[in-house]
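Since every read-out is calculated from the coordinates, none of them should be taken as a lab result. Just so it is clear, the structure is predicted and the values come from calculations on it, not from any experiment. All Cβ positions, even for glycine, are placed from backbone atoms using ideal geometry, and neighbour counts span all protein chains on display.
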């Protein structure tokens, strides 16, 4: 499989990792849109949120709690945004489930 996030998870591609355990990891985005921009991923390849199954429920919860943790660790005192793009049409550039944790600047709606 030629997935850059799988390679990062396996230690085969560089990343600035801010958290890692046996199932999930978080690392800095290489093209940040805000002062804090972290990607949170499962180490196991899941293409997108649409590909997740009921068996992934606990893992999805872990991803959300890790998003909260990296936001707090990154100094997001005034709040943070989490984004999950699902599918190419939504802007998902890497087909491996990932959450963007974004903070440190004023963000409008719609994004």
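Descriptive notes on the structure:
- Three-way shape label, region 4-81, alpha-carbon gyration tensor, a/c 1.5: oblate
- Computed extension length for residue 10-residue 106: 31.1 nm, one decimal, from 0.36 nm per residue of separation with the Cα-Cα distance subtracted.
- Going from the fewest other Cβ atoms within 10 Å to the most, the residues 82, 16 appear in the order 16, 82.
- MRE, 222 nm, helices only [DSSP H, n ≥ 4, -39500 (n - 2.57), over the chain, to nearest 500]: -6500 deg cm²/dmol
- 0 to 90° range, to nearest 10: angle between helix 57-73 axis and the chain longest Cα axis: 30
- Cα gyration tensor shape for region 42-111, rounded if a/c is under 1.5, else prolate or oblate: oblate
- Mean projected area of the Cα convex hull of region 20-61, taken over all directions, amounts to 3.7 nm².
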